[in-house]
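All remarks here apply to the structure that follows.
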Protein chains: 2
Amino acid sequence: MTEHDTLAFLLSLAMLLTSARFLGELARRAGLPLVVGELSAGIVLGPTVLGRIAPVAQAWLFGTSASTPAKMLDGYTTVAVVLLLVVAGVEVNLGIVRKRGKSAFYTSILGILMPLGGGVLLGFLLPDSDLVHPERRVLFAIFIGVALSISALPVIAKTLLDLGIFKTDIGLLVMAAAMINDLLGWLAFSVLLAPMQGGRTDFGAVARTVAITIAFVAACLIVGRPVFDRVLRQIEKNHETAPRRVLSLVVLLALFGASLTQAIGIHAVFGGFIVGIMVGDSQHLKEHNRATVHEFVTSIFAPVFFASLGLHADFASAFDLRLCTLVFLVATAAKVVGGTLGSRLGGFRWRQSLSIGFGLNARGAMEIILALLAMEAGLIKVQLFVALVVMALATSIFSGPMMKWLLRGDEDEEAIAALLRRGAWVPDLRAQTASEAIEELANALTEQLGEKKAMALQAVLEREATASTGLGDQVAVPHASIEGLQKPLMALGVSRLGVDFNSVDGRPANVIFLLLMPPRQYEEEVRILAGIARAVIAEASREKLLRAATLEEALVILGAEPSAARPPRSRRASLADI
Amino acid sequence: MTEHDTLAFLLSLAMLLTSARFLGELARRAGLPLVVGELSAGIVLGPTVLGRIAPVAQAWLFGTSASTPAKMLDGYTTVAVVLLLVVAGVEVNLGIVRKRGKSAFYTSILGILMPLGGGVLLGFLLPDSDLVHPERRVLFAIFIGVALSISALPVIAKTLLDLGIFKTDIGLLVMAAAMINDLLGWLAFSVLLAPMQGGRTDFGAVARTVAITIAFVAACLIVGRPVFDRVLRQIEKNHETAPRRVLSLVVLLALFGASLTQAIGIHAVFGGFIVGIMVGDSQHLKEHNRATVHEFVTSIFAPVFFASLGLHADFASAFDLRLCTLVFLVATAAKVVGGTLGSRLGGFRWRQSLSIGFGLNARGAMEIILALLAMEAGLIKVQLFVALVVMALATSIFSGPMMKWLLRGDEDEEAIAALLRRGAWVPDLRAQTASEAIEELANALTEQLGEKKAMALQAVLEREATASTGLGDQVAVPHASIEGLQKPLMALGVSRLGVDFNSVDGRPANVIFLLLMPPRQYEEEVRILAGIARAVIAEASREKLLRAATLEEALVILGAEPSAARPPRSRRASLADI
């Protein structure tokens, strides 16, 4: 390692990070996913733009892939992509998958099978010139099928958050379906990778890889999960050392998982993903620590990785409009139809189902990683790589607006006021825990609930156990559907000292809405939750609520900010956005 | 990059991180600095142990320095060491240096000059066989002088925190002296590096390097500092995006600073250090963001870097007892004598001065980085490298115990109760900001302070502006020395909603002690602050204090935990410990 190598490495890393973050922020400002800007940064610094304008400077900075600075950069991006998949895995909530079992199963199965079919068909119909090895067309077609069936959990989570429906039934179903989808997609891809790299298909080797992969997943999720959970509980006991220990533990488990999957011939990123699921599922992972990992990965690792993708290909000369259009159309049509039919079967109405279909259509970063791995493995040509990247970006960009348009409705600004007048107002909660707060608020609704009170209480507590309803920014919205309830019921409680609802920002909740819904009123639920979010978005409103003495005062405060059109800022929003 | 390269890289990284963290925690448990364990991990995995036991496995994992996995690891450790210096730079508080001007100046100048003299002498006395280039003995002697004069800011900060005197006058003086010390030491080393690598001394080139280096430091600290501060204020306005933007900004500035200093022929780490100072000095750097950078760097970057040091040398065959003893004795004697004389001149009593001398003697991680750079530059032999590492570890290990022993005293458990009875108790502060809280508490002492009230208020507000007194964990201790005060005065205020004292943990302070001290009563101040820390260490005590209605109730609560012998957990403690 010479002085020049160190300099070229540091400077290339600095340039990639700077331009990726800058263009990422620009993309964000234009309403596009961050990854659009980050990837563009690499296209600008890579052979596509800088290589044409100033080939000498480009070569000095990034060298050939065999140069020492390029290898040092490889070290950094390898760690980056493993950690990126860890972060994606952490978003997977196995509890949600279990709870939403039936409808999530239909939605995800049809959301996988349709694109898989479409992709395989596409793989068989493409002319030989699009293939690297026309003689291995079957494997190629299966790969295209798998590639089109994958979803982008982080992009989907971000879209749901932006719409303020992350914690509604529709939101949880879309998330659950996308999780099943991703797990199966990555598993299939990882298994495909080995025979695709070898010259010919060795069914014995494939079977062995499948067996080891399934054993690894099972070991992590069945044996590793409870062990990790217990270790974490032990670590979290010491508040002083916990953050650093948790960080180290997560990263080193990810590195070992990645090494293991790399060693058995499937890709390192899959190990990172499974470790992420294992980690994210632990009850004892504090939101603060999760957020720290997330912030670091998404601010200094992910941008460099996505920008470095642009260095791998000349996006101008490899752009094939026919291929891009074809891939985009097949992918979108198959995914939207599959997702829509699946959720319709799962019990949603048509318009809601269609919005779920579009939600699942976002491919985002995960598709791009998959495409890169396939190109590096010599499985697809650079033209198809570019087409998959374009498809991933395009589907991510328009999934949010489509969902929003389909779920639009006349939102009733008066809804919360009316609900509270009919419901209850507890100006000074004495509860110290989330369960106590829920019980105290349910007790305030004793009159309205009658004999349904015990059942309602249990339903809300169970819902809370599945996934916390702490929205961050001092607000929590415990809620549940109650069999037999005719119209929505709400109680609002204010706690001076705050109650811990395990919010992403670690702050206790001071403003707590208990919301009880009649079964299956998804649209109404979305509307009410979005209304709550709007009403308490301003810190000033929440401060005033803490001081309000009468219901009328509280109602004036809640109605004071009717124009703010987005949910309260949640750190999760920025985290999910890779 | 082959599949094997990726695997070897991931696995070597995983092994280094795992063993470094594990041995680091063991060291911590044994009361030793983390770096002792982290470095041992590398010795175990490097040529010293694993290379002897299982040379094939060792070579497969870590290869030669020219292998692709080794280069990928180089990329990671290069980023690690730059970020490590950023974190060290962030600890430097220019305000403290300015405020403690005179005594810090004496202490640091003598704390530099004595070891510099001792080191130069040592450099001239060592036999030719210890030198790489005996014909360049002058440069070598100057290097040894600089190497012995450096301090380890993070280790010193950690020691002061462990003793509970970080925010006392002695603590701030030691920190200020160490900061001046480090800045000058690194500057000198960076300037020395260039001619030492060239075959002979070119005074024109040295002069040019010095000029550019000073220009760079001036540009960062005079021009860059206010610009960065303004940019940061802008970024912090948006709470949602701030953490990720701040992280990216700090890292990319560090990478550019490192590239720049690397390009002008001084080492990359110096650029990281200066950028760290610039960043840490900003009023608008939120403690939460500082803590996130710190946690990440110290949990996944620093351990790998220190462990990787062990791969560079065979510590068994290069261990030279004569050299180790000599370096250790000269370094310790010169530093302790220099630091002690300096602080005596600065106005401290002999025993306090001696404790400051031992505090400054800790060399820690910074010395080790310097030694590695010198060895890589071909300036010192591996035997001297090992001797410097041993000296750095030994001085770090015994600096804390010596300070503690010298500052021991009969701590008066009754002090706080007596102070509060003489002082004031404000059971429900109405203040919403730190300044308001200080004013409210000062007003409560109107009777005791008389005409000195205005002066006292101003002194405390000025002290608070220098460095926040928020200890974290809901406690703040605004304090100052007041000219003409005969004995300590204290007011205790409790705030239900909390007041933001810019604590490291981001939580508002609910329990606020205003402490006014007669001038120069350092030992008494240390005793009272440590007593406060012990009294409110338990979360339960603080919760009860929030509910206490009378002074007597409060006193019972404050006296309830007299045995806990450490200050409240502060995240800063774990951060400073590199």
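The values are calculated or read from the model by the stated rules, or taken from the named source; none is laboratory data. All of these numbers come straight from a predicted model, not from anything done at the bench. Positions of Cβ are backbone-derived with ideal geometry, glycine not excepted, and every protein chain shown enters the neighbour counts.
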Note to self: With the structure loaded, tell me whether residue B:86 is in the same structural domain as residue B:299 (by TED's automatic domain parsing), closer than 20 Å to residue A:247 by Cα and either in contact (Cβ under 8 Å) with a residue 24 or more places away in the chain or surrounded by 22 or more Cβ atoms within 10 Å (Cβ to Cβ) (or both) or whether it fails that test.
What the structure shows: yes
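Looking at B:37, B:46, which one is in contact with a Leu (Cβ under 8 Å, 6 or more places away or on another chain), surrounded by 24 or more Cβ atoms within 10 Å (Cβ to Cβ) and at negative phi? Walk me through it before giving the result.
Working: B:46 fails: surrounded by 24 or more Cβ atoms within 10 Å (Cβ to Cβ).
Checking each option against the conditions leaves just B:37.
Could you tell me whether residue B:319 is more than 11 Å from chain A (Cβ to nearest Cβ), in contact (Cβ under 8 Å) with a residue 60 or more places away in the chain and touching a Ser or Thr at 6+ places or on another chain (Cβ under 7 Å)?
Values: more than 11 Å from chain A (Cβ to nearest Cβ): yes; in contact (Cβ under 8 Å) with a residue 60 or more places away in the chain: yes; touching a Ser or Thr at 6+ places or on another chain (Cβ under 7 Å): no.
Here the answer is no, as residue B:319 does not meet what is asked.
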Next item on the list: Answer yes or no as to whether residue A:28 is farther than 30 Å from residue B:378 by Cα, surrounded by fewer than 22 Cβ atoms within 10 Å (Cβ to Cβ) and within 11 Å of another protein chain (Cβ to nearest Cβ).
Entry: yes
Margin query: Of the conditions (1) in contact (Cβ under 8 Å) with a residue 24 or more places away in the chain; (2) within 10 Å of chain A (Cβ to nearest Cβ); (3) surrounded by 24 or more Cβ atoms within 10 Å (Cβ to Cβ), residue B:15 satisfies every one except a single condition; which number is it?
Written below: (3)
Margin query: Suppose we filter B:38, B:91 for residues that are within 13 Å of chain A (Cβ to nearest Cβ) and under 29 Å from the mean Cα position of the chain (by Cα); which single one remains?
Written below: B:38
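Looking only at the stretch B:436-466, which residues are small (Gly, Ala, Ser) and in contact with a helix residue (DSSP H, G or I) (Cβ under 6 Å, 6 or more places away or on another chain)? Show your work before the answer.
Looking only at the stretch B:436-466, we keep the residues that are small (Gly, Ala, Ser), and these are B:437, B:442, B:444, B:450, B:454, B:456, B:459, B:465.
Hits for the stretch B:436-466 are B:442, B:456.
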Item checked: From A:22, A:9, residue being under 20 Å from residue B:251 (Cβ atoms), without any contact (Cβ under 8 Å) to a residue 40 or more places away in the chain and within 12 Å of chain B (Cβ to nearest Cβ) -> A:22
Checklist line | Candidate set: the stretch B:244-260, residues that are touching a residue at least 12 places away in the same chain (Cβ under 8 Å) and more than 7 Å from chain A (Cβ to nearest Cβ); chosen: the one nearest to residue B:289 (Cα to Cα) | finding: B:246
Margin query: Could you check the stretch B:263-275 and list, in sequence order, the residues that are surrounded by fewer than 24 Cβ atoms within 10 Å (Cβ to Cβ) and either within 7 Å of chain A (Cβ to nearest Cβ) or assigned to a helix (DSSP H, G or I) (or both)?
Written below: B:263
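Does residue A:232 qualify as being crowded, with 20+ Cβ neighbours inside 10 Å, within 9 Å of chain B (Cβ to nearest Cβ) and either of a type in the set (A, V, I, L, M) or not in a helix (DSSP H, G or I) (or both)?
Details: crowded, with 20+ Cβ neighbours inside 10 Å: yes; within 9 Å of chain B (Cβ to nearest Cβ): no; either of a type in the set (A, V, I, L, M) or not in a helix (DSSP H, G or I) (or both): yes.
Answer is no for this residue.
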Notebook entry, point to check: If a residue has to be under 14 Å from the mean Cα position of the chain (by Cα) and at pLDDT 80 or above to count, how many in the stretch A:124-178 make the cut?
Noted result: 1
Checklist line | Residues located in the stretch A:310-341, provided they are modelled with pLDDT under 85 and either of a type outside the set (Gly, Ala, Ser) or within 24 Å of residue A:117 (Cα to Cα) (or both) | finding: A:312
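Assess whether residue B:225 counts as being in contact (Cβ under 8 Å) with a residue 40 or more places away in the chain, away from every other protein chain (no Cβ under 12 Å) and assigned to a helix (DSSP H, G or I).
On the way: in contact (Cβ under 8 Å) with a residue 40 or more places away in the chain: yes; away from every other protein chain (no Cβ under 12 Å): yes; assigned to a helix (DSSP H, G or I): yes.
For residue B:225, the condition - in contact (Cβ under 8 Å) with a residue 40 or more places away in the chain, away from every other protein chain (no Cβ under 12 Å) and assigned to a helix (DSSP H, G or I) - is met.
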Notebook entry, point to check: Of everything in the stretch B:284-308 that's at pLDDT below 85, more than 10 Å from chain A (Cβ to nearest Cβ) and in a helix (DSSP H, G or I), which residue is farthest from residue B:79 (Cα to Cα)?
Noted result: B:287
Checklist line | Positions within the stretch B:341-352 being crowded, with 24+ Cβ neighbours inside 10 Å and of a type in the set (S, T, N, Q), in sequence order | finding: B:343
